[in-house]
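Peer 1: After the structure tokens below, expect a handful of questions from me.
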Amino acid sequence: MDFLTSIGDFLTQQLGPFGPLIVVGGLGLFMILLTIPFMLNQREDPLKKLSRANDANRTQPKQQERLRQAGRNEQLERFANFLEPKDVEELSAIQLKLTQAGYQSRDAVRMYHFAQFALGILGLVLGFVYVTFVAGDQEFTTQQTVMYTIGPGAAGYMLPKYWVTRRVGERQQQIEEAFPDALDMMLVCVEAGQSLDQSIIRVAKELRVSYPSLADEFEIVSYEVKAGKDRTSVLRDMATRCGVLDVSSFVTVMIQSQTFGTSIAEALRVYAGEMRDKRVMRAEEAANKLPTKMTLATMGLTVPPLLVILIGPSAHNISMMGTMGQ
């Protein structure tokens, strides 16, 4: 007991009143980080592997399910229960958000949660190192210690969410800017005698260099149609993946045109004209916002020098007259 007491007193003198707690927390984080590589490199049980192979050979559906899951990361597959939400609605919402951000791989949700976990642990380690070693000579209060230790961990945990949200906004803006040109090109292809599916493939090929996000969506549509999926479902899935109002309206127009048997070329011509007008209106709206946005900067950069020029000489003369009067 005397040995433990002396160690506690030493830690208290070196790190403050929370010295023993900081050391215990640091050891815990170190053990967690030390355990993660061993868990990732853990070999699969041969009996489980043999049992899965026998089940796959026994029934055809299970074999097909195995083929569908073959492209997944085996290292993350072991932690699927930990890296995927249990709630179906939460899992679907995260998958939709990652899809709208352009991350459409099978392991997108697992990589997202793994990035949150890894960056959170890294932030906690950096905060602990800063409080313990870098700023060891400074005296921190309890609130400051908690803030400097947990703050970087919370920031690291929220960083993937911020990144995905920003990517969703950028990608939707790119699709919104590219869609009028894509409609014009699709209208030219349809009027030249190509079918809607062929025009989508052609537009995806031509848009690859300028607008890769929209080109990816059109390629997915073409692949799903070739696979035999219903065109209505394919177009609705595209509208869901994009999350752009213009694309949703286009999908509605195409579905109605197909349902009522009207001309697709005529529908594209009318909708493409509306999209061109809408793009001009957006440009005019952005131009009309500029004077309002520049007002504050103009006042901040123009009014102070103007006041100095106008009031400066008068203030100088008044001060000189006061000095002469004294």
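The values are calculated or read from the model by the stated rules, or taken from the named source; none is laboratory data. This structure is a prediction, so every number in the text was calculated from the model and none was measured. Neighbour counts run over all protein chains shown; Cβ positions are idealised from the backbone, glycine included. For the accessible areas, the whole protein counts, side chains as well, though only heavy atoms, and no ligand, DNA or RNA atoms are used. Shrake-Rupley method; radii C 1.70, N 1.55, O 1.52, S 1.80 Å.
Peer 1: Can you report the number of residues in the range 236-256 which are more than 22 Å from R279 (Cβ to Cβ) and of a type outside the set (D, E, K, R)?
Peer 2: 3
Peer 1: Same structure again: Can you tell me which residue in the range 204-226 is farthest from F179 (Cα to Cα), limited to those that are assigned to a helix (DSSP H, G or I) and small (G, A, S)?
Peer 2: Going through the qualifying residues, I end up with S222.
Peer 1: What do you reckon, is A192 of a type in the set (G, A, S), surrounded by fewer than 18 Cβ atoms within 10 Å (Cβ to Cβ), touching a Ser or Thr at 6+ places or on another chain (Cβ under 9 Å) and at pLDDT below 95?
Peer 2: It is true that A192 is of a type in the set (G, A, S), surrounded by fewer than 18 Cβ atoms within 10 Å (Cβ to Cβ), touching a Ser or Thr at 6+ places or on another chain (Cβ under 9 Å) and at pLDDT below 95.
Peer 1: State whether one or more residues within the range 133-144 are open to solvent by less than 80 Å² (accessible area, probe 1.4 Å) and in contact with a helix residue (DSSP H, G or I) (Cβ under 6 Å, 6 or more places away or on another chain). Before the answer, list the steps.
Peer 2: Taking the range 133-144 first, the residues open to solvent by less than 80 Å² (accessible area, probe 1.4 Å) are 135-136, 140-142, 144.
If we keep only those that are in contact with a helix residue (DSSP H, G or I) (Cβ under 6 Å, 6 or more places away or on another chain) too, we end up with none.
The answer is no; no qualifying residue exists.
Peer 1: In this structure, is R171 in a helix (DSSP H, G or I) and surrounded by 15 or more Cβ atoms within 10 Å (Cβ to Cβ)?
Peer 2: yes
Peer 1: Quick one: is A315 among the small types (G, A, S), modelled with pLDDT under 85 and surrounded by 10 or more Cβ atoms within 10 Å (Cβ to Cβ)?
Peer 2: yes
Peer 1: In this structure, does I150 turn out to be out of contact with any Ser or Thr (no Cβ under 9 Å at 6 or more places or on another chain), open to solvent by 40 Å² or more (accessible area, probe 1.4 Å) and either at pLDDT 90 or above or aliphatic (A, V, I, L, M) (or both)?
Peer 2: yes
Peer 1: Let me ask something additional. Of everything in the range 292-310 that's of a type outside the set (S, T, Y), under 36 Å from the mean Cα position of the chain (by Cα) and open to solvent by 80 Å² or more (accessible area, probe 1.4 Å), which residue is farthest from E176 (Cα to Cα)? Step through it out loud before you land on a result.
Peer 2: Start the filter on the range 292-310 by keeping residues that are of a type outside the set (S, T, Y), which leaves 293-294, 296-297, 299-301, 303-310.
If we keep only those that are under 36 Å from the mean Cα position of the chain (by Cα) too, we end up with 293-294, 296-297, 300.
Keeping just the survivors that are open to solvent by 80 Å² or more (accessible area, probe 1.4 Å) gives 293-294, 296.
On the way: K293: 23, M294: 26, L296: 30 Å.
Step by step, filter the range 292-310, then rank; the result is L296.
Peer 1: Could I ask something else about it? Do we have any residue at all in the range 93-113 that's assigned to a helix (DSSP H, G or I), in contact (Cβ under 8 Å) with a residue 60 or more places away in the chain, open to solvent by 40 Å² or more (accessible area, probe 1.4 Å) and hydrophobic (A, V, I, L, M, F, W, C)? Break it down stepwise before answering.
Peer 2: Of the residues in the range 93-113, the ones assigned to a helix (DSSP H, G or I) are 93-100, 108-113.
From what is left, the residues that are in contact (Cβ under 8 Å) with a residue 60 or more places away in the chain are 96-100.
Retained after the next criterion (residues that are open to solvent by 40 Å² or more (accessible area, probe 1.4 Å)): 96-97.
The next check asks that each one be hydrophobic (A, V, I, L, M, F, W, C); those that pass are 96.
Yes, the range 93-113 contains a residue that is assigned to a helix (DSSP H, G or I), in contact (Cβ under 8 Å) with a residue 60 or more places away in the chain, open to solvent by 40 Å² or more (accessible area, probe 1.4 Å) and hydrophobic (A, V, I, L, M, F, W, C).
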